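Working notes for the structure below.
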Amino acid sequence: MKRRVHAGARLPGTRLVLPGARTDAARLAAYAGVCGFPAGGPLPLPYPHILGFPLAMRLMADRAFPLPLLGLVHTRIEIIRHGPGLTSADRPELAVHAEELVPHRRGTEVLMVTRACLDGELVWESRSSYLARHRTGHDGPRESAPAAEPLPAVTGWRVPGNLGRRYGAVSGDRNPIHLHPLTARLFGFPRAIAHGMWTFARCLAEAERTSGPAESARAAFRAPVLLPADVTYAARTAPGGTRFELRSGDRVHLTGETSAPPA
């Protein structure tokens, strides 16, 4: 769990599959409540990521996986819905694999891919990057800076100190950096931090509330939200989708965008 990252590390060719994944109604309702999605209707766009998360955890915890599971930080995500979307009654086949290791100026990133299929047809997919922080001998690619012109503020949220534990309970992601100040300090954070997937889901729920369901969404996690916090959701909606960001003061925590389904 605390393995070192070695030069020339290689990813295992493992592909984990869960046939007939089921959605628990109570857990889905709790997730929607924590993230701000409405009850009923199609599954929230990020929810298949939650269903596939145990597969990703199993793969990343395997001895053959080259990065330490503890302390991994989610840096980016892209989700695409193909077709009308999954419902809670669907039983998709979920498959997860690690696709790529990428040098980063603060360590090494891994690209994890999750796909959901119904009757052999791809209906949903996500691509997530996770960073294992360690010393490097190179600068690596630097992330592009946020747009110079800030998006207009839409609303503000008070993020409570126990959010990491609440979201961890509904998502299954109990990374110590999210749970308590003490465990977060072991990995270099002064306090527990919010899950990146919560910040993404909360912003997406707000974007869809004002502009309708999204066909795809992507986000870059730029700075952690230290818990508790007061944050501002800012956005600009156009016919093709919504650009959004989450910030506190001048600090931008997340930038992202949605794409609307074809008219």
Legend entry - Pick from region 18-29, criterion out of contact with any Ser or Thr (no Cβ under 8 Å at 6 or more places or on another chain) and hydrophobic (A, V, I, L, M, F, W, C), ranking: surrounded by the fewest Cβ atoms within 10 Å (Cβ to Cβ): 26
Inset, instruction - Taking residue 57 as meeting all but one of (1) closer than 21 Å to residue 256 by Cα; (2) at pLDDT 90 or above, write down the number of the exception. - result: (1)
Legend entry - Residue identified as crowded, with 23+ Cβ neighbours inside 10 Å, at pLDDT 95 or above, among the aliphatic types (A, V, I, L, M) and on the phi < 0 side of the Ramachandran plot among 229, 217: 217
Inset, instruction - Identify all residues within region 30-51 that are buried (at least 23 other Cβ atoms within 10 Å of the Cβ), assigned to a loop (DSSP other than H, G, I, E, B) and out of contact with any Phe, Trp or Tyr (no Cβ under 7 Å at 6 or more places or on another chain); write none if there are none. - result: 37, 43, 45
Inset, instruction - Please verify whether region 88-97 includes one or more residues that are assigned to a strand (DSSP E or B) and in contact with a Leu (Cβ under 6 Å, 6 or more places away or on another chain). - result: yes
Inset, instruction - Starting from region 69-96, keep only residues that are farther than 13 Å from residue 113 by Cβ and at pLDDT 90 or above, then list their pairs with residues that are among the polar types (S, T, N, Q) and crowded, with 17+ Cβ neighbours inside 10 Å whose Cβ atoms are within a distance under 7 Å, requiring at least 6 positions of separation or different chains. - result: 75/129; 81/216; 88/23
Inset, instruction - Check region 235-245 and report whether any residue there is more than 23 Å from residue 259 (Cβ to Cβ) and surrounded by 22 or more Cβ atoms within 10 Å (Cβ to Cβ). - result: no
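Let's see how each residue does on (1) surrounded by fewer than 19 Cβ atoms within 10 Å (Cβ to Cβ); (2) hydroxyl-bearing (Ser, Thr, Tyr); (3) within 17 Å of residue 51 (Cα to Cα):
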residue	(1), (2), (3)
78	yes, no, yes
81	no, no, yes
87	yes, yes, yes
108	no, yes, no
126	no, yes, yes
130	no, yes, no
135	yes, no, no
Inset, instruction - Would you check if residue 147 is at pLDDT below 80, of a type in the set (A, V, I, L, M, F, W, C) and part of a loop (DSSP other than H, G, I, E, B)? - result: yes
Inset, instruction - Considering only region 52-70, state which residues are surrounded by 15 or more Cβ atoms within 10 Å (Cβ to Cβ) and in a helix (DSSP H, G or I). - result: 52, 53, 54, 55, 56, 57, 59, 60
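The values are calculated or read from the model by the stated rules, or taken from the named source; none is laboratory data. Every value quoted in this text rests on a predicted model; they were computed, and no experiment measured them. Because the Cβ atoms are built from the backbone with ideal geometry, glycine has one as well, and the counts that use them run over all protein chains shown.
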